[in-house]
1. Show me, for region 131-145, the HN-Hα J-couplings you get by feeding each phi into the Karplus relation (A = 6.51, B = -1.76, C = 1.60, θ = phi - 60°), rounded to Hz, glycine and proline as x.
2. Note down the accessible area of residue 72, probe 1.4 Å, to the nearest 10 Å².
3. Sticking to Cα atoms, compute the Rg of region 114-235 to one decimal and its Dmax as the biggest Cα-Cα distance, whole number, in Å.
4. Can you list the residues, at least 5 places off or on another chain, whose amide H is less than 5 Å from the amide H of residue 149, using H built in the peptide plane?
5. Could you order 38, 100, 51 by accessible surface area, starting with the largest, using a probe radius of 1.4 Å?
6. What relative contact order, as a whole-number percentage, does region 158-209 give when Cα pairs under 8 Å and 6 or more residues apart are counted?
7. For region 139-202, what is the accessible area per residue in Å² when the probe is 1.4 Å?
8. From the cross-link list 71/226; 195/220; 71/220, which pairs have alpha carbons spaced over 32 Å apart?
Amino acid sequence: MTQTVNGTNHNHNSHDPVPLQSHPHYYPPPSSSSSKASFKGCCCCLFLLFSFLLLLILAVILVIVLALKPKKPQFDLQQVGVQYVGITPNSAIASAAASSAAVSLNIHMVFTAVNDNKVGIKYDESRFTVMYRGIPLGRGIVPGFYQPAHSVRRVETTIVVDRVNLLQADAADLIRDAALNDRVELRILGDVGAKIRILGLTSPGVQVSVDCAIVISPRKQALTYKQCGFDGLSV
């Protein structure tokens, strides 16, 4: 039914659809708990991967060690040559009551390195000290070197003691030993560092302490006694 009011037509139809209002869609923000769980999962995966690689490396090293059966290095003082011995009392009269004395000494040492292993050994620079009654007199150096498998190598060094002064009781003992007994006891101490090389890789180092007791004759300018050995093996 159509009516005209004030010249305007209004068409009333109860079946006309009512327009719907559009509402904006709401998206919830990502949950922080899911991000943390993902991060923890990645960390666990990396930890498991590194643990597996570490165990694999240890297993390979263990197999190589069991197959090669490495032995400790043998480093021994083979020869000692006394080139010069000089003991000079600093007092006017050389007697057991001398207040001080100067020691001059040249010792040539030959070491033998024996490698019975199936792989090579790399030796670090070694230092050896000559001592008299616990007093250091001089030091010798053996440069580092590489020794192939199943080989024997000779290395040499010379210890030069140039007028080292000993005071009081030590000087008196030294003069008495040299003048009356013709016997001066010395001790040679040193540490030898060695590492095993396998397939281009170097193992952790081991250190062998060398302890040698020698007796020299000032009159004969010669060595009269020598006893050497390994004092210990440490990593």
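The values are calculated or read from the model by the stated rules, or taken from the named source; none is laboratory data. Just so we're clear, the structure is a prediction, and the values are computed from it rather than from any experiment. Note: areas computed on protein heavy atoms with side chains; ligands, DNA, RNA excluded. Shrake-Rupley method; radii C 1.70, N 1.55, O 1.52, S 1.80 Å.
1. 10, 10, 6, x, 9, x, 9, x, 9, x, 10, 10, x, x, 7
2. Roughly 120 Å² of residue 72 is accessible to a 1.4 Å probe.
3. Cα only, region 114-235: 17.8, 58 Å (Rg, Dmax).
4. Residues meeting the criterion, in which the H sits 1.01 Å from N, are 120.
5. Most to least solvent-accessible, the answer reads 38, 51, 100.
6. Averaging sequence separation for qualifying contacts and normalising by length gives 22 percent for region 158-209.
7. That works out to 58 Å² per residue.
8. 195/220; 71/220
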